[in-house]
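Okay, so here's the structure we're looking at.
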Amino acid sequence: MAEKHFIVIGNGPAGKEAAFTLRERDPESRITVISKGRASSYTPHLLPDLVAGKIQEEDLYGCSLNSYAENDIKLRCCQEVVDLNLLKNEVVLEHKEVLSFDGLIIAVGGTPRIPENLLAYKDLMYTLKTLEDAKIWVKKLQQSESVLIIGGDLTSLVLTKALIHLNKKVSFILNEDAFWPLRYDDDLFKEAAQRLTDKGIKVLYDRNIKKIEQLQDGTNKVQVDDQVLQVGMVGAFFGLVPDIGFLAHSGLRIDRGILVDKHLNVGVENIYAAGDCAQIYHPDIKDYWISIGYENARMLGRTAALNLNCGCREEEVKPESIFEVQGININTTWWTEF
Amino acid sequence: MSNVDLTVEICGMSGDGTIAAGGFLNAAVAKAGFSVMAFDSYPAEIRGFGRCVTRCRIGDEEMLALSDKTHVLISLDDEQSQSRLSGLAESATVIFDNKPPSMVPEGASLAAHVEAGTNLVGIPFRDLAAQAAGSTRGRNIVALGGFAALFEMPPEYFHEVITKKFQAKGASILEGNLRCFDAGYNYSKEKYADRIADTLSSENGNGNPDRILQSGNIAIGEGAIDAGVRLYFGYPITPATPIMEYLAKALPEKGGKLLQMEDEISSIGAVLGSFYAGTRAMTATSGPGFALMTELITHGVMAEIPAVIINTQRGGPATGLPTKTEQSDLQAAVWGGPGDSARIVLAAANVPECYTYTIKCFQLAEKYQTPVIVLTDFFLNNRVETMAPISISEEEKADWNIYPDKEDQNNFHRYRITESGISPRPKPGMEGYSYTATGLEHSEKGGPDYTPENHMAMNSKRHRKIEGALNDMPVPEEYFVEDNLDLGVISWGSTFGAALEAVQKARSNGIKVGALKIASIYPFHADLIRSFMEKCGNILIPELNYEGQLAGLIGHLYDKDVIKLNQTTGVPIYPVEIYQKINEIMSR
Amino acid sequence: MKSNDENDNSVVYSTEPEDFYYMDINVPCQAACPALTNIPAYIRALYEKQYGQSYEFNRMANILPGILGRICSRPCENKCRHGESELGQPVNICHIKRAAADLQDKVPLPIAEDLPTFGKKVAIIGSGPAGLAAAHDLATIGAHVTIYEAMDQPGGMLRYGIPEFRLPRQIIKAEIDRILKLGINLKTNIRVGTDVAIEALVDRHDAVLLAAGCYQSNTLHIPGEVLPGVYPGLEFMMDVCKDQPPELGSRVLVIGAGFTAFDCARSALRLGSQDVRICLRRTEEDLVVTKDEIFEAKAEGIRIESLLLSRRVIGQGKVEGMEFVRTHPGELQPDGKRRISAIEGSEFILPADTIIMATGQKPVPFDIAARKDDSGIPTADRKTYQTSMPGLYIAGDYLSGPSTVIEAIAMGRWAAEKIAEDIIGRRFRELAVRMEDTQITDRQRAWDFIPRQEMPTVKPIDTRLTGMDGEVETGYDSRMAEEEAKRCYLCNLHYEIDISRCIYCRYCIDVAPRDCIKLVEKVETNEVGAITNLVETKDWEAVNAVVIDNQRCIRCGECMRVCPVDCISVTRVELVEKMAQSETQNG
């Protein structure tokens, strides 16, 4: 009988951890990791430090390509999954190669979200998700003294720390959408606004952006309701949209992410999701949640692999770790760490 | 060291336009001011289905050899390209069609086989071609467009070469191909913006676009034309046929004639006849054809009639490996044929020499009244490289025939025994100089004469003549010669470029090694070779033959055994292979 | 049965089951259209700039092209072959329809004087899509038709359920006027059942068709539903359409997932509400509303909240918010939707000033002596449309429950056919597969790569939110329409290799854009003789034919262009309505 074939889609923190965990538990199986990226997995949570000039690009890489080969993990770089066929247990790659699997872990990442009403200004707003993004920030910040952050997700807060470190003038338009799945009540806003203001940051609350235009000198004019702001750079931070468009016809349960149970199972035998794409109900916040942060992603990747490997392992996502992301507590006192 | 050294390989099935794409690539890169050396490999069958590979090494310095490692693989056929992946350099780029006509099972795509870390670039060649020109035929041009964008190569050079190629075929075909190129270019530029390297940007070109891109075949053909050849007799044979094809067009334009003979025997016969009549003529062949010629070559030796034969060597013996390269006809060229039939043998090492030696050998043939053989090989003939245009002086192509003096009239000794061995040779019809030209041993007047004294004297005369030719033949070229070299590498023909590059690399790593190029295969400059050998602690002779044919010819000049590196893989030897051998010798 | 066209020998009409089967599989858009609109034909006509012809191809099947071209639910586009995963995106079939309507020169249509009469009288209750379609068909065969409409204006849900920014009123008026010109008598402001008894209509007419739609909003039966500030969706929409919109608060929650929910939300935004959210029990993925609609709604600033279930309306004297619980989508049910269960303990409140319950509607009961279902709604046979009361028929949403405009039109037409059959005594029309030998088209392979032309909309967004009447989608100009029309593969062309002439050179396979031409060992057919499977082989000895798989074929024509022996033929195959053969021929 042919050996089992496990496929992991995504080579971020969750995908990588899942693949190595699978290998650790099952020396015999065939394991394929499919990654859109060319390079080895790097640690995206350090990107703001790269922007701040605190670290170099080399510091981002944690794992060499050799380690995949050493663990007999087939890493397919620069390749993308475009379809999933649940009836045949097959994934289809962009280049029309069809791979069948016995087990699947979906650990794709996300793309920075730009709300539909701001899409017209997409080219004037900068996001921070990839190494390429970080390099653009480094370059643009050389000519920009001030930055307006629209939205206000976790990345934007870490980035703000970096910007303050670089002595840039930062202003904020806090937008309710950015904090999904946390609902943004007045208390939370006041506290957030206060802490940002304490750092010398100008905060506007949930205003409508009417228009963004680039002026001759490269700065941006932002029309906010009846107010006009002039800033060097505009950053858009509305969280991430998981890259799960390829699952649209798969029949999996898709909301903002892939809906999974507490075992990270997607509702189909031997298929799990982990990392930035897995949406899970969390009783403590009475809401669905997509975990964020490097350590959480790794832990979810490991959990998914263990469950795929052993079938029914009770390995729930621990609440305390969900709320602890890179030293920032995400709860109503989230801002205390900032 | 050079800044740019990029080897691009295009691989497909015959019918994919692989070789044509290689032609565009070479021409465009040369126009951009880079140095190029490129070589195609055809399917083993002369026509039909099979793998086609074209390799192009691009640099900003003169290219000496091909590289063993491929930096960019453009796959026009995934199945065929799979075996090429093993030749990829680290972090290479692989460009492939990511939209094949149908779904394929795991493993059928090239993507399944590339190493992690490879820059895998998917471009829908077929779809973009269909979109741009309505048919998938232009997919090779799409691939080139994609390649150009990835390495920041300005598109106008490609536009220029595509226009040159297609403008005669009408506006719609030309525009379709230009659109195909742009489609690939724009797709790559947009989709792979984060993977673009400036390797082939205009800043990196060496700004010498005056150089021409030339193949060994065409260089030989042009050399013949420039030498005033107006007659060609031949019989088609791979890999010499392109010379004939070129001359079939070029000769009539010059008022010349090309005649395809019934075989190689009649070809060399006609060449001898032409020279006998005082007119330069030429033939080109390869091993099996050359073997047929040997009897008449010795006829030329015996009757002292000039002839020029280009032997483009291929894999042997017999029919052997028609589409593979080898240097195994050296002995046949030097010794092949009945009797003590010394003749002149030259070997060209690069494309410029294909041109200059072709011209040179007519003078040698005329002056020394002997067949002259120029050895080239499949690789040298079929590769293209950038070279500075060569202008030949009138002197270099002048008539070197030695006609009899007035006083010889009425008492003409066609084969007079002279100190140099050279006896004046009239054209037929020159009044008062009639003689018998024969393959029988003959007296000074030309009549049959088998007496012991005469045969010994005539053998001596003919060999003195050939020995004397050395004065007019290219001397061995020394590279990095100093006293007390640890190693000397002696090489000939197309292997020399690889040897020199290996020597350069070894020297940059501190190894005391020099190189010697031998172009005059027979007669050879024994004193000069010996003096080089004496400076070397060891002698290495790399050759693309099994027996070590040059080593056999000159090895006795060295007081130790020479070290041989013999390879008969059918493909050119790579610098790294010689370099490794150098290291191996040095670590003994 | 196959028969030749009387005037043209190259045309064959077939009613063989295998040919219907073929059409079902191979022209997927037409098969998906409830009204069987001949989509490839109208797209091709539009490409040829025959805008009037293109409109007519539509009107013959779906009666109201200008309206449907705006608000159709587009089941065809989901089946469009161009939308198969490796081929890109479906053709914008609906917007091409609109372009035909927008760009047509007014073509002369039949009016009452052109039509036969035969003295049969039919009454139709309701002037919505189903009623109008039935009236149209019955009038064209010469019946005397009277429509009874309860409202002030005809059109039913078209007029009172869809806001003007999606469907301009003059479009509705123009297309309804054209139907009425067939000699149909429209009586508005007459509510059958109140102003006139249904039995009285049955007595006075040869047939009565009840097509009164669904006008009673569903309630969720949750606490607080009657608080001021809670509106049933349909009533809200009708008030808006009557230009009598209610006062809305700043924060609006719309409960529901259909077109009505989106219409309500977008209307609320135009009425001045600041924060409008659509609350779904399921997810955005599960919405049947078109992607364009979702995108435009979000671009206008509407938020979509998913996976929540309304528990109760909160408020003291007026709405202050809604309590929800989170839902969990479970296994698939037979209707293709997932079972929704509430997650206990997940209660939370969204504050709101106004709540619109767009959770569907149902028919209003009629008190008549016909068989009814448990909730008092008269029922009819789904095939004959007959009720238990002789002469009374039911069609449209009143019979099926809430459906789409195109489904209602289709049902109106099929009901008209049954009614006609009953009152005339024979069938007057039938479906047939029309086949005509044709030439390769001028379609170019490059057209397959034209991107889907997105419908232009009013920008910037603010400018469209100032009132109810500005149509958001501005329509294709002729150039965009032509570009989009070029994208259609024209699946109504059937390519076939004549095996007796094929020399197995396989040139066609070399140029094939996908695996659409196959080396076949065996052709499998089903019980009606239609091809169901091509058994491929890689063993050259076993190849019995080179076959074009019309399900994979994208009609690029490349195979035909390279065929050295000219053995590939093209036939245009279309599902058409034609006058029924006489009884004897039918025999």
Per its Cα gyration tensor (rounded if a/c is under 1.5, else prolate when a/b beats b/c, else oblate), segment B:213-394 is best filed as rounded
Can you give me the Cα centroid spacing of segment A:278-304 and segment A:184-254 in angstrom?
-> 24
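Quantify how strongly other chains surround peptide C:505-512 by giving the mean number of their Cβ atoms within 10 Å of each of its Cβ atoms. Walk me through the numbers on the way to the answer.
On the way: counts 0, 0, 0, 0, 1, 3, 6, 3.
Partner-chain Cβ atoms within 10 Å, mean over residues of C:505-512: 2.
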Here, C:GLU421 and C:LYS459, labelled 7 Å along Cα→Cβ, have an inter-label distance in nm of 5.1
May I ask for the distance between the Cα centers of segment C:314-364 and segment C:513-559, given as a whole number of Å?
-> 50
What net charge is computed for the residues neighbouring C:LYS242, neighbours being all others with C-beta under 13 Å from the C-beta of C:LYS242, Lys and Arg scored +1, Asp and Glu -1?
-> -3
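Of C:MET468, A:MET299, how do they rank once you tally other Cβ atoms within 10 Å and put the fewest first?
Numbers: C:MET468 16, A:MET299 22.
So the residues, fewest neighbours to most, are C:MET468, A:MET299.
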Counting other chain Cβ atoms within 10 Å of each Cβ in A:246-255 and taking the mean gives 3
For chain C, the charge dipole (Cβ of Lys, Arg +1; Cβ of Asp, Glu -1; about the Cα centre) points to a positive end, and the Cα of C:LEU287, C:SER400, C:GLY256 closest to that extreme belongs to C:GLY256
Partners for C:LYS578 among lysines (Cα-Cα distance below 28 Å; same-chain residues under 8 apart left out) = C:LYS2, C:LYS49, C:LYS79, C:LYS97, C:LYS106, C:LYS120, C:LYS121, C:LYS181, C:LYS383, C:LYS418
What is the distance, in nm, between label points placed 7 Å from the Cα along the Cα-to-Cβ direction at B:GLU156 and at A:LEU86?
-> 5.7
Computed FRET efficiency, Cβ-Cβ of B:ASN471 and B:ALA197, R0 45 Å: what is it to the nearest 0.05?
-> 0.30
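Could you rank the peptides A:166-172, A:240-246 by their average count of other C-beta atoms within 10 Å per residue, with the highest value first?
Working: A:166-172: 17.3, A:240-246: 19.6.
Most protected by this proxy first, the peptides run A:240-246, A:166-172.
May I ask for the net charge around C:ALA207, where only other residues with Cβ less than 13 Å from the Cβ of C:ALA207 are counted and Lys, Arg are +1 while Asp, Glu are -1? Walk me through the intermediate numbers first.
On the way: positive: C:LYS120, C:LYS121, C:ARG204, C:LYS418; negative: C:ASP137, C:ASP203, C:ASP206, C:GLU417, C:GLU421, C:ASP422.
Net of charged neighbours comes to -2.
Suppose we keep just the DSSP beta bridges with both residues in chain C; what percent of those would be antiparallel, to 5?
Values: 50 of 81 bridges.
So the antiparallel bridges amount to about 60 percent of the total.
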With +1 on each Lys and Arg Cβ and -1 on each Asp and Glu Cβ, how big is the dipole of segment A:112-239 about its Cα centre, in debye rounded to the nearest 20?
-> 480
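Could you rank the peptides C:207-216, C:161-170, A:23-32, B:336-345 by their average count of other C-beta atoms within 10 Å per residue, with the highest value first? Provide the component values of the computation, followed by the final result.
Values: C:207-216: 27.0, C:161-170: 18.5, A:23-32: 15.7, B:336-345: 20.5.
Descending mean neighbour count gives C:207-216, B:336-345, C:161-170, A:23-32.
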Given charges of +1 on the Cβ of Lys and Arg and -1 on the Cβ of Asp and Glu, with all other atoms neutral, how large is the dipole of chain B about its Cα centre, in debye to the nearest 20?
-> 860
What is the order of C:LEU431, C:LEU201, fewest Cβ neighbours within 10 Å to most?
-> C:LEU431, C:LEU201
Work out, step by step, the length gained on full extension between C:THR571 and C:GLU331: first 0.36 nm times the residue separation, then minus their alpha carbon distance; give nm to one decimal.
-> 81.9 nm
For the protein assembly as shown, percent of DSSP beta bridges that are antiparallel (nearest 5) comes out at 50
Expressed as an acute angle from 0 to 90° and rounded to the nearest 10, what is the orientation of the C-alpha long axis of helix C:93-103 relative to the principal long axis of chain C?
-> 80
Nearest 20 debye, what's the magnitude of the dipole of chain A about its Cα centre given +1 on Lys and Arg Cβ and -1 on Asp and Glu Cβ?
-> 680
Per residue of B:115-127, count partner chain C-beta atoms within 10 Å of its C-beta, then hand back the mean as an integer.
-> 5
Radius, Kirkwood style, for segment C:415-483 when every pair of distinct Cα atoms is counted (Å) = 17.9
Cα centroid separation - segment B:168-237 against segment A:83-139, whole Å = 39
Surrounding net charge for B:LYS164, when Lys and Arg each add one and Asp and Glu each subtract one, Cβ distance under 15 Å | 0
Rounded to the nearest 500, what is the 222 nm mean residue ellipticity of chain B from helices alone, with -39500 (n - 2.57) per DSSP H run of 4+ residues and division by all residues?
-> -11500 deg cm²/dmol
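Is the shape of segment B:5-209 rounded, prolate or oblate, going by the alpha carbon gyration tensor and its root eigenvalues a ≥ b ≥ c, with a/c under 1.5 for rounded and a/b larger than b/c for prolate?
Cα axes put segment B:5-209 in the rounded bin.
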Inter-site label distance for C:MET468 and B:ILE265 at 7 Å from Cα along Cβ, in nm | 10.6
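Percent relative contact order of chain B, based on C-alpha pairs within less than 8 angstrom and at least six residues apart?
Numbers: 1306 pairs, mean separation 67.0, N = 588.
Across chain B, relative contact order equals 11 percent.
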Mean Cβ count within 10 Å, highest first, over the residues of peptides B:191-199, C:24-32 | C:24-32, B:191-199
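Given a cut-off of under 8 Å on Cα pairs at least six residues apart, what relative contact order in percent is computed for segment C:221-358?
Values: 297 pairs, mean separation 44.0, N = 138.
Taking the mean separation of contacting Cα pairs over the length of segment C:221-358, I get 32 percent.
Restricting to chain A, what percent of DSSP beta bridges are antiparallel, rounded to 5? Walk me through the numbers before you get to the answer.
On the way: 29 of 65 bridges.
In chain A, DSSP labels about 45 percent of beta bridges as antiparallel.
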Only Cα pairs under 8 Å and at least 6 apart count here; give the relative contact order of segment A:112-239 as a rounded whole percent.
-> 36
Looking at the square roots a ≥ b ≥ c of the eigenvalues of the Cα gyration tensor of segment C:268-375, which shape do they give, rounded for a/c under 1.5, prolate if a/b is larger than b/c, or oblate?
-> rounded
Enter the angle in degrees (range 0 to 90, nearest 10) between the Cα long axis of helix A:294-310 and the first principal axis of the Cα atoms of chain A, meaning the one along which they spread out most.
-> 20
Along the charge dipole of the protein assembly as shown, Cβ charges K/R +1 and D/E -1, which of C:CYS29, A:TYR272, A:ILE164 sits furthest on the positive end?
-> C:CYS29
Go through segment B:477-494 residue by residue and turn each phi into a ³J(HN,Hα) via Karplus (6.51, -1.76, 1.60, θ = phi - 60°); whole Hz please, and just put x for glycine and proline.
-> 9, 9, 10, 6, 8, 8, 5, 6, 6, 5, 8, x, 10, 10, 8, 9, x, 5
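Quick note: the coordinates plus some simple rules give every number you see, no bench work behind them. Keep in mind the model is a prediction, meaning the values are calculated, not measured. For neighbour counting, all protein chains shown are included, and Cβ atoms are generated from backbone atoms with ideal geometry for every residue, glycine included.
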